[in-house]
Amino acid sequence: MTVRLQTEPFDLGAEVARLTDGRSDVGAVVTFMGVCRDRTDSGAELVALTLEHYPGMVEDELSRIEAEARARWSLADALVIHRHGRILAGEPIVLVVTLAPHRAAAFEAAEFLMDYLKTSAPFWKQEETADGRSWVAAKATDDAAADRWKK
Amino acid sequence: MKLLYFAWVRERVGRAEEEAEAPAGVSTVAELIEWLRGRGPEYEHAFEAGPAIRAAIDKRHARADAPIAGAREIAFFPPMTGG
């Protein structure tokens, strides 16, 4: 079970290969990769995103969310990688991988990790377009997505 | 205690962090925000969004009514937009 914060891009295939190497107890591997789009929600061309974060708290929150996923589902392993700093359009931002004996747990845990990460991990995106830089506003749909997991 | 600001809260306040001692009677996150707003136009501008501003005490999310007694570090920031 790993949580990683880094500036450099990551390789989804290499991460999955490392997680599954030598294991035969895992029947399901679910991956989610968030990628930087080349358009803002309003349709403007986006050059890059810059992700600001709260050092220390980000690691604590990601670890807490991951521990909660492990408590709720029977996972063989899980990995969360989140980048910070400047990220160009087309580059990966975040990776969630869940491994479980069966697919239901792997799918649900991956969705849970992403929904909670978006609303509780202290990251802030700034968009860079030809007009300059502007902070991305939080979406009510993200709060609703996280709320559905509340017991 | 140490105060930290992130994203547009940091830009509006004009600094990333500072040391501050809140006066007696300021005992919750909401009261601390009210006190900060009185410190100058840059703070007023940063905190005018009111409840939309989130807070963390010693790197844990804190609600507006959370007590600040004993806090070493209090951070203020907009709703999060990671992922």
Report task. Could you check the simple spin-label distance between B:Met1 and B:Ala16, using points 7 Å along Cα→Cβ, in nm with one decimal? Result -> 2.1 nm
Query raised in the report: Out of every Cα pair in region B:2-77, what percent are spaced more than 18 Å from each other?
Result: 29 percent
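Once you keep just the Cα pairs under 8 angstrom separated by 6 or more residues, what percentage relative contact order results for chain A?
Relative contact order comes out at 33 percent.
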Requested in this report: Between A:Ala71 and A:Asp131, take the C-beta separation as r, use R0 = 30 Å, and let me know the FRET efficiency to the nearest 0.05.
Outcome: 0.10
Requested in this report: Grab the DSSP H runs of the protein assembly as shown that are 4 residues or longer, score each as -39,500 (n - 2.57), total them, divide by all residues and round the 222 nm result to the nearest 500 deg cm²/dmol.
Outcome: -9500 deg cm²/dmol
Query - Exercise: per-residue mean of other protein chain Cβ atoms within 10 Å, A:139-147 - result: 1
Report summary line: Which residues qualify? For A:Ile93, with a placed amide H closer than 5 Å and at least 5 residues away or on another chain, they are A:Gly34, A:Val35, A:Cys36
Query raised in the report: Name the GluC sites (Glu not before Pro) in region B:1-72 that are in a loop by DSSP and that have at most 11 other C-beta atoms within 10 Å, would you?
Result: B:Glu21, B:Glu48
Query raised in the report: Roughly speaking, what is the stretch gain from A:Lys139 to A:Arg86, that is 0.36 nm per residue apart minus the C-alpha to C-alpha distance, in nm to one decimal?
Result: 16.9 nm
Query raised in the report: Can you list the residues, at least 5 places off or on another chain, whose amide H is less than 5 Å from the amide H of B:Lys59, using H built in the peptide plane?
Result: B:Ala75
Report summary line: Rounded to 0.05, the calculated FRET efficiency for the beta carbons of A:Gln6 and B:Arg72 at R₀ = 30 Å is 0.65
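If contacts are Cα pairs under 8 angstrom and at least 6 residues apart, what is the relative contact order of region B:2-77 in percent?
It comes to 39 percent, rounded to a whole number.
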Requested in this report: Show which lysines lie in cross-link reach of B:Lys2 when reach means a straight Cα distance below 18 angstrom and same-chain residues fewer than eight apart are skipped.
Outcome: B:Lys59
Query - region A:59-113: relative contact order as a whole-number percent, Cα under 8 Å and 6+ apart - result: 37 percent
Query raised in the report: Roughly how many nanometres apart are two label points built 7 Å out from the Cα toward the Cβ at B:Ser27 and B:Arg60?
Result: 2.0 nm
**Report entry** At most 15 other Cβ within 10 Å, DSSP loop - trypsin sites (Lys or Arg not before Pro), region A:13-92
**Finding:** A:Arg23, A:Arg37
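Just checking the output field for A:115-123: average partner chain Cβ neighbours within 10 Å of each residue's Cβ?
4
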Query raised in the report: Which values, in whole Å and largest first, are the semi-axes of the equivalent ellipsoid of the protein assembly as shown obtained as the square root of 5 times each eigenvalue of the Cα gyration tensor?
Result: 34, 22, 14
Report summary line: Counting only residues 5 or more apart in sequence or on a different chain, those whose built amide H sits under 5 Å from that of A:Arg4 are A:Val80, A:Ile81, A:His82
Requested in this report: Quick one: dipole size for region B:19-78, taken about the Cα centre, charges +1 on Lys/Arg Cβ and -1 on Asp/Glu Cβ, in debye to the nearest 20.
Outcome: 260 debye
Query - Cα lying deepest toward the dipole's positive end in region B:2-77, options B:Tyr5, B:Val26, B:Leu36, charges on Cβ - result: B:Tyr5
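If you take each beta carbon of peptide A:51-60 and count the beta carbons of other chains within 10 angstrom, what is the mean?
5
Each reported figure results from applying straightforward, stated rules to the coordinates on display, with no laboratory input. Predicted model only: the values in this text are computed from it and were never measured. Neighbour counts run over all protein chains shown; Cβ positions are idealised from the backbone, glycine included.
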